[in-house]
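Here is the structure we will look at, set down as structure tokens.
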There are 2 protein chains.
Amino acid sequence: MRRIRLRVAYDGTRYCGWQMQNNGPTVEGELHKALTQVLGADVALTGASRTDAGVHSLGNIAIFDTDSRIPADKFCYALNQWLPDDIIIQESDEVPPNWHPRKQKSRKTYEYRILNRHMPDPTRRLDTHFYYRPLDVEKMRQAASYLEGEHDFTSFASVHMTVPTAVRTIYSCTVEKKDDIITIRVCGSGFLYNMVRIIAGTLIEVGTGAREPEDILRILEAKDREEAGPTAPARGLTMIGIVFGDVSQ
Amino acid sequence: MRRIRLRVAYDGTRYCGWQMQNNGPTVEGELHKALTQVLGADVALTGASRTDAGVHSLGNIAIFDTDSRIPADKFCYALNQWLPDDIIIQESDEVPPNWHPRKQKSRKTYEYRILNRHMPDPTRRLDTHFYYRPLDVEKMRQAASYLEGEHDFTSFASVHMTVPTAVRTIYSCTVEKKDDIITIRVCGSGFLYNMVRIIAGTLIEVGTGAREPEDILRILEAKDREEAGPTAPARGLTMIGIVFGDVSQ
């Protein structure tokens, strides 16, 4: 039995998120169908990140076990033959049989993109959040810097969060503007439910002047979801990738 | 009677091009429907550029005449209420009654984007042409420079071209690479049918090494469509905008 790892990119627009469910199509569901075609058997998949409905990814990670003799690095081509064109495996390789994407240290990077202009741009509607009012990027950048480090992020997590601790480390949180797109890039040890989207919603409020950058310190301190800004829409969020501490760089 | 001008952006993926026809939805058709809702009357539209099926635009121009008392700069908001989210009017203004977008000097700018990487990126599938083999951007840039100036572009036009002369002026043709996207940007006095897509298809062949940059000179000279490369797919093409010589900058 070999354990195969996939790096999966997708446009999440059409999907009810990563995880298989009965409400509609999911990324995991499409992968499972393709895997069933390639292997001729029903094989369980495990994903690194259960992204929400409408969220995109350039590099989510999934594993499965198989006795198939297909070379590990060829699985991506075999699966892409069966996948819809909004899901593409970027690469596949073999990992040790006990390797698990959620049971080891990793750094995850997300980007939240805001289209900040007078009118929506239809060619960017699927992967940006359109925001009409001008945003002060310098203030957003300052606010973002207060999120860096180890903190209890209870204020920046959905109240539906179920994990035992909300302490996470953000290695970096930067804000860049190019043309009319503002990109919030967050790299961290792990993220709570809706955390990046609540960070984005809060930084947007800083950008409009409704909050000051220093408010971030008070919001963190409060450990209360009510103190932070709204959850920004899923379409602006893209999971960029994961770096694992032990087996890959 | 006032003449109103619209600057129209669209994601062309779902459309059979700009011009109304019976085969399926068109950008002009959607605009016409929205205009009928806003004005309560059937009003004819005239577009500057009849973009093909699958081609995008950030700034196509359309005009119509009306007695409506809606302020000229408010038409964009009124129409956007009725338009699907892949067509957005960027702005509207009033022009002189004899102003016509196809009957005066103008500079049109198009971009052709090539996604040049190992695997397709599903988040960029709608507005780039995925090309697997590595492309030599420096050679493409050199080839592009030979297209600049006034030339007979018969070799770079569809054989279905119906205009009396194929002489056009290309003010600039540049090739830039950022991350894994190569952008060919062409600015000219006007373009023949499929011209930018044939330029892109030919520059791709230069990028692979199948042709040399200097071949462009011979291709222009031949005045024969057979001499140029293939027509690159529509999805990579975006009309960026038009600058008119007289009424706007």
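The values are calculated or read from the model by the stated rules, or taken from the named source; none is laboratory data. Here the structure is a predicted model, which is why all the values come from computation and not from measurement. Note that we place each Cβ from the backbone using ideal geometry, even for glycine, and neighbour counts take in every protein chain shown. These accessible areas exclude ligands, DNA and RNA; they are computed on the full protein's heavy atoms, side chains included. Shrake-Rupley method; radii C 1.70, N 1.55, O 1.52, S 1.80 Å.
Tabulated data
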read-out: Calculated label separations, B:ASN22, copies of the chain, 7 Å along the beta-carbon direction, nm; value: 4.6
read-out: For region A:55-184: rounded, prolate or oblate by the Cα gyration tensor [a/c cutoff 1.5]; value: oblate
read-out: Nitroxide proxy distance, nm - points 7 Å out along Cα→Cβ at A:ARG69 and B:LEU217; value: 5.7 nm
read-out: Label point 7 Å beyond Cα along the C-beta direction, distances from A:GLU226 to other copies (nm, shortest first); value: 7.9
read-out: Within the accessible area of region A:98-249 (1.4 Å probe), percent carbon and sulfur; value: 48 percent
read-out: Under the Karplus curve 6.51 cos²θ - 1.76 cosθ + 1.60, θ = phi - 60°, whole-Hz ³J(HN,Hα) for region A:164-178, x wherever Gly or Pro sits; value: x, 10, 9, 7, 9, 10, 9, 6, 7, 9, 10, 10, 10, 10, 9
read-out: Out-of-range pairs (alpha-carbon distance over 18 Å; input A:LYS178/B:LYS177; A:LYS108/A:LYS139; A:LYS139/A:LYS178; A:LYS139/A:LYS177); value: A:LYS108/A:LYS139
read-out: Cross-link reach list, lysines versus B:LYS33, counting only Cα pairs under 25 Å and skipping chain neighbours closer than eight places; value: B:LYS74
read-out: Residue of chain A whose Cβ sits closest to the axis mapping A onto B, with distance in whole Å; value: A:LEU126, 4
read-out: Inter-centroid distance (Cα atoms) of region B:171-249 relative to region B:3-32, Å; value: 24 Å
read-out: HN-Hα J in Hz across region B:75-89 - Karplus 6.51, -1.76, 1.60, θ = phi - 60°, x for Gly and Pro; value: 4, 4, 5, 4, 6, 4, 4, 9, 8, x, 6, 9, 9, 9, 6
read-out: Nonlocal amide H pairs with A:GLU91, under 5 Å, H built at 1.01 Å; value: A:ARG7
read-out: Nonlocal amide H pairs with A:VAL167, under 5 Å, H built at 1.01 Å; value: A:PHE153
read-out: Position B:ASP136, label points 7 Å along Cα→Cβ, spacing to each other copy in nm (shortest first, one decimal); value: 5.2
read-out: Long-range amide H partners of B:ARG117 with built H, under 5 Å; value: B:TYR131
read-out: Region A:38-111: C-alpha gyration tensor shape, a/c 1.5 cut-off, then a/b vs b/c; value: oblate
read-out: Backbone HN-Hα couplings from phi across region B:105-117 [Karplus 6.51/-1.76/1.60, Hz, Gly and Pro as x]; value: 5, 7, 10, 10, 10, 10, 10, 10, 10, 10, 8, 10, 8
